[in-house]
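*Asks:* The following block contains the structure, expressed as structure tokens.
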Amino acid sequence: MKLRWAALGAAALVCAGAASYVYFSADPVGKPGPPATVSIPEGTSTPGIARLLARAHVVHNPTLFEIYVKLAGTKPLLAGTYRLPTNESYASVVSALERGPVMRELVVPDGFTVGQIARAVARLDVGISAAQFVKATQQVRSPYEPPGTHSLEGLLYPATYPVAIGENAKALVRYMVTTFDLHASELGLQSAARRLGYSAYQVVTVASIVEKEAALDADRGPIASTIYNRLARGMPVGAESTLVYALGGRLPKNLLQPTPYNTFVNRGLPPTPIGSPGAASLEAAMHPPKTPYLFWVEVKADGKMGFASTEAGFAHLQSECRAAKLC
């Protein structure tokens, strides 16, 4: 009996010693190092998580980390993308994985360009610079991009996106492209484009111009109709917004600037959309009302547009615009 108790006592001492060693080793020597990005897929086991953390040098020993998690009796460790300091204490790592990845909200308003989205992403401070985001948009393709086109302008859906700290730029862009594809499918973009006699990409381009030109929802349909009417007659679209896009946000006094996006001098649509159209502008471009309009001009301070089908009517709208000091 004495031998049994002695053996049990020795075993207890060994276990206590092992546990003490694990807890002692859980605090690494030195300060935490620069942060590393660790992506933990859904369903990853504790040993798998330990290996991912060790590979990124967040913890120094995957086996010890696994034992620490078992001894500490932690809550479930959550999947996601994390930005964690290297050479971190196991307690801090476990605490972060129990809380889950830190998410921030990326708000993409209707009409935002790729450049504006990139700057919004950079302001989130999640580890993606504006340049990295733009580069990712050149590496990810949309099924709506025509051959030879390498731009996701207009094909990143305006919405609010959750973004984890340490998010991969290409993964974020893919998510935004997929979101556009989902909404485009729900709206019936492809079938609407076939009915209109244009490609889906061209309809998105029209929608992007509508988005920039219309201040009021009531004007979106008539503007879309006017654009299609001018295209059908071989007339330049004549949208200031395309030239503003090409020149980085400013409208020059000379409207004859040589750029493919100058729809005052070039016939047809610009090479790409000029921003991300929202659902209302997509609907307007997909289902334009039938009108005789060939011109639109802003005539009221609230952004209300006037429409005309003749040169004389256009001249009258311009006089209204000048009277309101809008042009």
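*Asks:* Go ahead and estimate [θ] at 222 nm for the chain from helices alone: -39,500 (n - 2.57) per DSSP H run with n ≥ 4, summed, over the residue count, rounded to 500.
*Replies:* Details: 13 runs with 158 residues, N = 327.
One gets -15000 deg cm²/dmol as the mean residue ellipticity at 222 nm.
*Asks:* Now, a different point. Taking the Cα atoms of the range 103-185, what is the range of coordinates along each of the three principal axes, in descending order and whole Å?
*Replies:* Over the range 103-185, Cα extents along the principal axes are 34, 23, 20 Å.
*Asks:* Continuing with the same structure: With a cap of 12 neighbouring Cβ atoms within 10 Å, and only residues DSSP puts in a loop, list the trypsin sites (Lys or Arg not before Pro) found in the range 263-327. Don't skip to the answer; put the middle values down first.
*Replies:* Values: sites: Arg267, Lys290, Lys300, Lys304, Arg322, Lys325; in loops: Arg267, Lys290, Lys300, Lys304, Lys325.
Of the trypsin sites (Lys or Arg not before Pro), the ones in loops of the range 263-327 whose Cβ has at most 12 other Cβ atoms within 10 Å are Arg267, Lys290, Lys325.
*Asks:* Sticking with this structure for a sec: Given a Förster distance of 35 angstrom, what is the FRET efficiency for Lys290 paired with Leu256, based on the Cβ-Cβ distance and rounded to 0.05? Please list the in-between numbers first.
*Replies:* Values: r = 32 Å, r/R0 = 0.92.
Rounded to the nearest 0.05, the efficiency is 0.60.
*Asks:* On to the next question. So what's the gap between the Cα centers of the range 261-327 and the range 134-203, to the nearest angstrom?
*Replies:* Their Cα centres are 25 Å away from one another.
*Asks:* OK, next. Choose one answer from Thr37, Thr137, Thr149: the residue with the largest mean-square fluctuation in a GNM of the chain with alpha-carbon springs under 10 Å.
*Replies:* Of Thr37, Thr137, Thr149, the Gaussian network model singles out Thr149 as fluctuating most.
*Asks:* Which one, Pro35, Pro147, Pro260, has the greatest fluctuation when you compute a Gaussian network model over the chain with C-alpha springs under 10 angstrom?
*Replies:* Highest fluctuation of the listed residues: Pro147.
*Asks:* Here's something else I'd like to know. For each pair in Lys253/Lys325; Lys253/Lys304; Lys135/Lys212; Lys135/Lys170, compute the distance between the two Cα atoms and list the pairs where it is over 18 Å.
*Replies:* Numbers: Lys253/Lys325 16 Å; Lys253/Lys304 23 Å; Lys135/Lys212 25 Å; Lys135/Lys170 9 Å.
Flagged as over cut-off: Lys253/Lys304; Lys135/Lys212.
*Asks:* How large is the charge dipole for the chain, taken about the Cα centre, if only the Cβ atoms of Lys, Arg (+1) and Asp, Glu (-1) carry charge, to the nearest 20 debye? Don't jump to the answer; show the numbers that get you there.
*Replies:* On the way: 30 positive and 23 negative charges, 117 e Å.
About 560 debye.
*Asks:* Once label points are set 7 Å from the Cα along Cα→Cβ at both Lys304 and Glu105, what is their separation, rounded to one decimal in nm?
*Replies:* For the pair Lys304/Glu105, the computed spacing is 3.3 nm.
*Asks:* Calculate, in whole percent, how much of the Cα-Cα pair population of the range 21-99 lies beyond 20 Å. Write down the numbers at each step before the final one.
*Replies:* Working: 575 of 3081 pairs.
For the range 21-99, the share of Cα pairs beyond 20 Å comes to 19 percent.
*Asks:* Okay, next question. So for the chain, taking the charge dipole from beta-carbon charges (+1 Lys/Arg, -1 Asp/Glu), which of Val38, Thr291, Leu124 sits furthest toward the positive end?
*Replies:* Val38
*Asks:* Still on this model: With +1 assigned to the C-beta of every Lys and Arg and -1 to the C-beta of every Asp and Glu, and no other charges, what is the dipole magnitude of the range 50-195 about the Cα centre in debye, to the nearest 20? Walk me through the numbers on the way to the answer.
*Replies:* Working: 15 positive and 11 negative charges, 48 e Å.
It comes to approximately 220 debye.
*Asks:* Can you give the extra length, in nm with one decimal, that the chain gains between Ser319 and Ala215 once fully stretched, where that is 0.36 nm per residue apart less the Cα-Cα distance?
*Replies:* Numbers: separation 104, 0.36 × 104 = 37.44 nm, distance 2.00 nm.
The Ser319-Ala215 span can extend by a further 35.4 nm.
*Asks:* Please say if the range 198-327 is rounded, prolate or oblate, where rounded means a/c under 1.5 for a ≥ b ≥ c the square roots of the C-alpha gyration tensor eigenvalues, and otherwise the choice is prolate for a/b larger than b/c and oblate otherwise?
*Replies:* On the way: a/c = 1.37, a/b = 1.13, b/c = 1.21.
Rounded, since a/c falls under 1.5.
*Asks:* Say each of Arg141 and Ser185 gets a label point 7 Å from the Cα, pointing the same way as Cα to Cβ; how far apart are those two points in nm?
*Replies:* According to this spin-label approximation, the distance is 1.9 nm.
*Asks:* Net charge around Val237, counting only other residues with Cβ within less than 15 Å of its Cβ (Lys, Arg = +1; Asp, Glu = -1)? Present the calculation step by step, with values, prior to reporting the outcome.
*Replies:* Numbers: positive: Lys212, Arg230, Arg233, Arg267; negative: Glu211, Glu213, Glu240.
Neighbourhood net charge equals +1.
*Asks:* Given Cβ point charges of +1 (Lys, Arg) and -1 (Asp, Glu) and nothing else, what value in debye, to the nearest 20, does the dipole of the range 106-157 about its Cα centre take?
*Replies:* Numbers: 4 positive and 4 negative charges, 29 e Å.
Here the range 106-157 has a charge dipole of around 140 debye.
*Asks:* May I pose another question? Under a plain spin-label model, where a point goes 7 Å from the Cα along Cα-to-Cβ, how far apart in nm are Leu124 and His57?
*Replies:* 2.7 nm
*Asks:* With no solvent and one equal point scatterer placed on each C-alpha of the range 188-269, evaluate the Debye formula and give log10 I(q)/I(0) for q = 0.10, 0.17, 0.18, 0.27 Å⁻¹, two decimals.
*Replies:* -0.24, -0.69, -0.77, -1.38
*Asks:* Which angle between 0 and 90 degrees, to the nearest 10, do you get for helix 2-25 versus the longest principal axis of the chain when only C-alpha atoms count?
*Replies:* 30 degrees
*Asks:* With the convex hull built on the Cα atoms of the range 201-243, state its orientation-averaged projected area in nm². Working shown, then result.
*Replies:* Values: hull surface 11.5 nm².
Convex hull of Cα atoms, orientation-averaged projection: 2.9 nm².
*Asks:* Let me ask something else about it. For the chain, set up a GNM with springs between Cα atoms under 10 Å and report which of Val237, Val69, Val206 has the largest fluctuation.
*Replies:* Maximum among the listed residues: Val69.
Read-outs: derived from the displayed coordinates by stated rules, not from any lab. Computed from a prediction, not measured in an experiment: that's the story for all the values here. Cβ sites come from the backbone with ideal geometry, for glycine too, and all protein chains shown count toward neighbours.
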